[in-house]
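So the structure is just underneath, and the comments pick up after that.
Just so you know, all these numbers are worked out from the coordinates, no wet-lab data involved. All values derive from a computational prediction rather than experimental measurement. Backbone-built Cβ (ideal geometry, glycine too); neighbour counts: all protein chains shown.
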Amino acid sequence: MTKAEMVFGEVAAQRTVASVPLSHLSIELGHLYREDLDAEDINGYGRRLGHHFKAVRPWVDALRQGFTDVRPGRAPRISTCFLVDDYFGDFSTPAQLVPALVTAADSVGLQIDYLARESGCADADGVPLAALVEARLVDDPPPDTTGTRPPARETGWLCNGQRTPASAEALSALGGWAPPTENGARNHSIFVDVELWNEQDGRRVWSCPFLAAVWQLLRLGLLRNLGEPVAVPAPLSLAELPETWAELPPVAQLTPRPAPFSAYRTASVLASRFLPVELAVRTILSQVHVDPEADQQVVRRSGAESVALPAEVVDRVSYVFLS
Amino acid sequence: MLAIGEIRTGLLQNSTAVPAALTTRALALLPGELVRSSERPIAYAVSPERLTGLDCRLPTRSRARARGVGTAVTRAAITGGRVLQASTRTVLMRAGTDRRLPWAHYLARPGVVEVTGRAGFADVADGYLGVPQQSTLDLAALNERLFDDIVMRPELDRRPPFRVARTTLRWVAEVADEPAVPVRRPPRPAGDGDGAGDGPAQAQFWLAGGTLRTARLALPADHLPMVVELCEDLALHDWLLTTVTGLIERGRPDAAPGSVADTAAVQRIRPAVDHLLHLWMPAARVDRRLLPLWESLERRPGFTRQWDVSVSRIRDQIALTTVGLLGIVAEGITRA
């Protein structure tokens, strides 16, 4: 005898998280700030960009080779991207800069598949990405965090341990100054305290490391809004470039059929001066609780392709620092 | 492995049952995250989950040292637009090393606390269910904060129709390391489910005094994901029973039938009828694999049996008061 069984389910009770296409590797070819481009003439910064991409090229080849070695006989899916900082003040115009970027990359045989703008990491087509990521921060707890008290937060800051006590009472209880300490330090501390945002003219301004952390999470395919993908790349024709950065999509696709923008892992080839920024980025990424379902999707799919992937999000991020 | 949790249950601070759309807004604790809800068999909505980092001593009965590092998961649920629950849980697992690892390691395992030290899990389970120990893991505080966050939501008017105590259910689930292998057991006809003899799943429930209840469960590892729903359902029904029983006691059923005191008594139990009686729906959302646990709790302490008795008492009292009032009315008509 078979027993018929009714399964009752309601759509609203299910939590659905859309998946995003994934490459094996996302390579960031560079990061461009206004101060990098204070030269007046376009030929001037065309040359500087040319030097930059020439220095980047061998490392891109090495990163590609690394993936080809892991999966011999199969072409890896690798996409490239470039980030332009339009958040901390406007500069140049897309109509001027984008062709110069593409030409300079092309001159050393590199293609920029996706061009992203930093303000898109704060707000992507009306989705407040930075605020969504901030809401997912889970503070690294110092020893004796029982849950009784909420985490000791300095508004707008995030650290990797315990700060020096600030109040006079706390100092006298300790019998004087106490150094800040890193949680889980090995013998000695490397204490990092990162400013996430501040207020300027009554408006919240996100810090560069915080937006760069959002940028990494976007590239890792781990951000969703109400279960839906965010900052989905939109094709951009080089023939119809707008005059303002705000008119560009948060992530613009520049080449016809690139590998997907998001990837299991990211690699960024950057000038060494970005090292402190990236230390801050890693401090932030180590304390973001990404959507578990989005993360499981990435883990399952990499597993199905036999691509090893660390469980820790921050360990999926790598760098080449150039002098 | 040992799963532990704590559930705070109370009346939602609002004058009426909160409609589904407002419930969903009140539970939107995490921007960008959906509130899950369902309408049947009873209106139910659950907030996105909040994660909290912990690094502290764990309570043990023997006072042997145990330290836990990891995260606890907290969520809020509203049932029938009337009952608010805050629920925190974590799974204790043996750590691979004595060292504190980088925080990213623990965030990659949300809802897990890794345990170092000599104490065994049974010792921690006893310690957690026993007398509270200072400066050890405090899941209750996480629930309190979430409860306070919801109470302050603008969607709620904070004018409840009656005041009742919140209850706390503290639970542990000892998890067998091996997943259950159902094929080993011969299939049994439906309706013959005897929880106590049904594999390793077991449940015990105590009224620990005041508003604290404790539950101790044992189950196979693959049933672990469903245990939170079971405990939340248990806490909900225990709260309903506690509240309705309390309202009956407050109702003073010893007043003379038809007297002013008697009518007032019925008025006092009226909130139970208006707001709570329809919420009784045991095991509505409990995974059927855990139903034997519910059934064993139904045998002892026997929630539904006591509920039915309470509901009968309310109905009897209303009926008697009505008869008394009718008598007075009839007397008035006869005299006139």
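Can you report the principal axis dimensions of the stretch B:212-336 using only the alpha carbons, biggest first, rounded to whole angstrom?
Reported extents, whole Å, longest axis first: 74, 25, 22.
Counting other C-beta atoms within 10 Å, which of A:Trp157, A:Trp197 has the fewest, and how do the rest follow?
Ordered by Cβ neighbours within 10 Å, fewest first: A:Trp157, A:Trp197.
Going by amide H atoms built from the backbone, whose H comes under 5 Å of the H on A:Ala263, apart from near neighbours?
When sequence neighbours closer than 5 places are left aside, the close amide H contacts are A:Ser23, A:Leu220, A:Gly221.
With contacts defined as alpha carbon pairs under 8 Å and 6 or more residues apart, what's the relative contact order of the stretch A:225-323 in percent?
34
Calculate the FRET efficiency for B:Val260 and B:Asp316 from the Cβ-Cβ distance with a Förster distance of 25 Å, rounded to the nearest 0.05.
Computed FRET efficiency for B:Val260 and B:Asp316 comes out at 0.80.
Please work out the Cα center distance from the stretch B:262-336 to the stretch B:27-51, rounded to the nearest Å.
The stretch B:262-336 and the stretch B:27-51 have Cα centres separated by 30 Å.
What average number of partner chain Cβ atoms lie no more than 10 Å from the Cβ of the residues making up B:19-31?
Across the residues of B:19-31, the mean count of other-chain Cβ atoms within 10 Å is 1.
Any idea what the relative contact order of the stretch B:80-135 is, in percent, if you count C-alpha pairs under 8 Å spaced at least 6 apart?
Relative contact order for the stretch B:80-135 comes out at 35 percent.
Where both residues lie in the protein assembly as shown, what percent of DSSP beta bridges are antiparallel, nearest 5?
So the antiparallel bridges amount to about 65 percent of the total.
How do A:Trp59, B:Trp206, B:Trp103 line up, fewest other C-beta atoms within 10 Å first?
Fewest to most other Cβ atoms nearby, the residues stand as B:Trp206, A:Trp59, B:Trp103.
For A:Asp113, what residues show an amide H to amide H distance below 5 Å, using hydrogens built from the backbone and excluding near sequence neighbours?
A:Thr80, A:Cys81
Radius of gyration and Dmax for chain B's Cα atoms, expressed in Å?
22.8, 90
With springs connecting C-alpha atoms under 10 Å apart, model chain B as a Gaussian network and identify which of B:Leu325, B:Leu58, B:Leu290 has the largest mean-square fluctuation.
Result for chain B, Cα springs under 10 Å: B:Leu325 fluctuates most.
Roughly what would the spin-label model give for A:Arg47 and A:Ala178, points 7 Å off Cα along C-beta, in nm?
The modelled label-to-label distance comes out at 5.7 nm.
Given R₀ = 22 Å, FRET efficiency for B:Arg99-A:Gln296 by Cβ-Cβ distance, to 0.05?
Taking R0 as 22 Å, the efficiency between B:Arg99 and A:Gln296 is 0.20.
Near the amide H of A:Leu322, under 5 Å away, which other amide H atoms are found, from residues 5 or more places off or on another chain, if H is placed in the peptide plane?
Residues meeting the criterion, in which the H sits 1.01 Å from N, are A:Leu270, A:Ala271, A:Ser272.
Just to confirm the filter: which trypsin sites (Lys or Arg not before Pro) across the stretch B:122-166 are DSSP coil and have at most 14 other Cβ within 10 angstrom of their Cβ?
Sparse-neighbourhood loop trypsin sites (Lys or Arg not before Pro): B:Arg158, B:Arg163.
With contacts defined as alpha carbon pairs under 8 Å and 6 or more residues apart, what's the relative contact order of chain B in percent?
Normalised by residue count, the contact order of chain B is 19 percent.
Roughly how crowded by other chains is peptide B:45-52, in terms of the mean Cβ count from those chains within 10 Å of each of its Cβ atoms?
3
Bin all alpha-carbon pair distances of the protein assembly as shown at 20 Å intervals from 0 and give each bin's fraction as a whole percent.
Here the calculated profile for the protein assembly as shown is 16, 42, 29, 11, 2, 0.
Roughly speaking, what % of Cα-Cα pairs in the stretch B:48-141 are separated by over 16 Å, rounded to a whole number?
For the stretch B:48-141, the fraction of Cα-Cα distances above 16 Å is 57 percent.
If I build a Gaussian network model for chain B, linking alpha-carbon pairs within less than 10 angstrom, which residue out of B:Glu49, B:Glu114, B:Glu33 has the largest mean-square fluctuation?
Residue with maximal mean-square fluctuation among B:Glu49, B:Glu114, B:Glu33: B:Glu33.
Looking at chain A, which longest stretch skips every one of the GluC sites (Glu not before Pro) that is in a DSSP loop with at most 11 other Cβ atoms within 10 Å, leaving the sites themselves out?
That gives A:41-239 as the longest site-free run.
Counting pairs of Cα atoms in chain A, how many percent are more than 38 Å apart?
Above the 38 Å cut-off, chain A has 22 percent of its Cα pairs.
Treat the count of other C-beta atoms within 10 Å as a stand-in for reagent exposure and order B:Ile150, B:Ile328, B:Ile269 from fewest to most.
Fewest-to-most ranking of B:Ile150, B:Ile328, B:Ile269: B:Ile328, B:Ile150, B:Ile269.
For chain A, what does -39500 (n - 2.57) per DSSP helix run (n ≥ 4), summed and divided by total residues, give at 222 nm, in deg cm²/dmol to the nearest 500?
The helix contribution divided over chain A gives -9000 deg cm²/dmol.
Could you give me the ³J(HN,Hα) list for the stretch B:7-20, computed from phi with Karplus coefficients 6.51, -1.76, 1.60 and θ = phi - 60°, whole Hz, x at Gly and Pro?
With the stated coefficients, the stretch B:7-20 comes to 10, 9, 10, x, 6, 5, 7, 8, 6, 10, 5, 7, x, 3 Hz.
Hey, in the GNM for chain A with a 10 angstrom Cα cutoff, which one of A:Gly156, A:Gly109, A:Gly147 fluctuates hardest?
Result: A:Gly147 has the largest fluctuation of those listed.
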